[in-house]
Amino acid sequence: MTLSASAAANRRGIVCMVGAMGCFVTNDALVKFASQSMPSAQLIFIRGAMSVLLVLAVAHALGATTRLRETTRGWVAGRALVDATATMLYLGSLFHLPIANATAINLAAPLFMTMFAAFFMAERVRGARWLAVGAGFLGVLLVIQPRAQGFNSWALVCLLGTLFHAARDLMTRRIHAGVPSILITLATAVAVTVVSGVASLLQGWRPFGVFEFGLLALASVFLTGGYYFIISSMRHGEMTLVAPFRYSGLLFALVLGYGVWGEVPNALAWFGIALLIASGLYVLVSEKRRLPVAAAAAPAD
């Protein structure tokens, strides 16, 4: 791959990661409203079923439904199962941990993604990227400000879910480039829906109205977008470069928190926000400076 093509792939990966985080956070906000009157497993199943129908429609429009068998094979099926497991582990721990603590643990994923890429994919992790990941995670802690007394044995379950999320992203890179991203999205949506459907039978169902159904229908659109963008982000660019931009989800959450619930960050949180933004800008600037140097060092044809 040429340097210009590599730079374009990195840019696309970063844009897709930021887009994925925006979609996931918006989905979470919609689900938060609906969860006031519905059990979590029921909610996830209904939303997932609508997501599956939406992805199927898009896949059919793209002519990908002739290759549906690929969703049950190899890395595609394995990734979907790991994603569903990660989702249930995280949600299970969320009910037993303060949300700040659970979020802090979940946002450690870029650290694991960077380590996995270095150890298992032989990606060269430059100092700027390690610094960005570390500074970004420190910014997360300053914004969320988790309490020590909120950590318990469920924190280990949440950490395991985070490891599964990082493994899912690593597995995405193993999927053959010829497999359409929309089929990987479909496999993920089906796996999460099936697992949550089984859990809903154990947890029980409650009646719900048109308003809740509408919220979940809209949430399914954003969830589908999040699935697709996170897959695309991992299939383009260098994993260690894209990973730190996962922290952008916290910035989206802060904007929604202020606009919808009137939540205003304190002084320490504002410092954390500045650190998050600075770490992202640092990665972009260092990458922009690296390309001319790499181009100059490249052998002439």
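The values are calculated or read from the model by the stated rules, or taken from the named source; none is laboratory data. It should be emphasised that the depicted structure is a prediction, and the values quoted were computed from it without experimental measurement. All Cβ positions, glycine included, derive from the backbone under ideal geometry; neighbour counts span all protein chains shown.
The table below lists the values:
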{"item": "Which numbered condition residue 12 misses (of (1) modelled with pLDDT of 95 or more; (2) among the charged types (D, E, K, R); (3) surrounded by fewer than 18 Cβ atoms within 10 Å (Cβ to Cβ))", "result": "(1)"}
{"item": "Residue that is among the aliphatic types (A, V, I, L, M), over 20 Å from residue 27 (Cα atoms) and modelled with pLDDT of 95 or more, where the choices are 160, 183", "result": "183"}
{"item": "Count - residues of the range 177-208 that are touching a residue at least 12 places away in the same chain (Cβ under 8 Å) and outside any helix (DSSP H, G or I)", "result": "7"}
{"item": "Helices (runs of 4 or more DSSP H) fully within the range 210-301 counting 2 or more residues that are at pLDDT below 90 and not acidic (Asp, Glu)", "result": "239-242, 248-261, 267-297"}
{"item": "In the range 21-50, residue surrounded by the fewest Cβ atoms within 10 Å (Cβ to Cβ) [restricted to those that are farther than 17 Å from residue 197 by Cα and free of Cβ contacts under 8 Å to residues at least 12 places away in the same chain]", "result": "36"}
{"item": "Candidates 246, 235 - the one that is of a type in the set (Lys, Arg), farther than 16 Å from residue 114 by Cβ, out of contact with any Leu (no Cβ under 6 Å at 6 or more places or on another chain) and buried (at least 16 other Cβ atoms within 10 Å of the Cβ)", "result": "235"}
{"item": "Among (1) buried (at least 21 other Cβ atoms within 10 Å of the Cβ); (2) in contact with a Gly (Cβ under 7 Å, 6 or more places away or on another chain) - the single one residue 76 does not satisfy", "result": "(2)"}
{"item": "Residue within the range 144-157 that is crowded, with 22+ Cβ neighbours inside 10 Å and either under 16 Å from residue 236 (Cα atoms) or in contact with a helix residue (DSSP H, G or I) (Cβ under 7 Å, 6 or more places away or on another chain) (or both) present", "result": "no"}
{"item": "Counted residues, the range 110-134 - those being under 17 Å from residue 168 (Cβ atoms) and part of a helix (DSSP H, G or I)", "result": "10"}
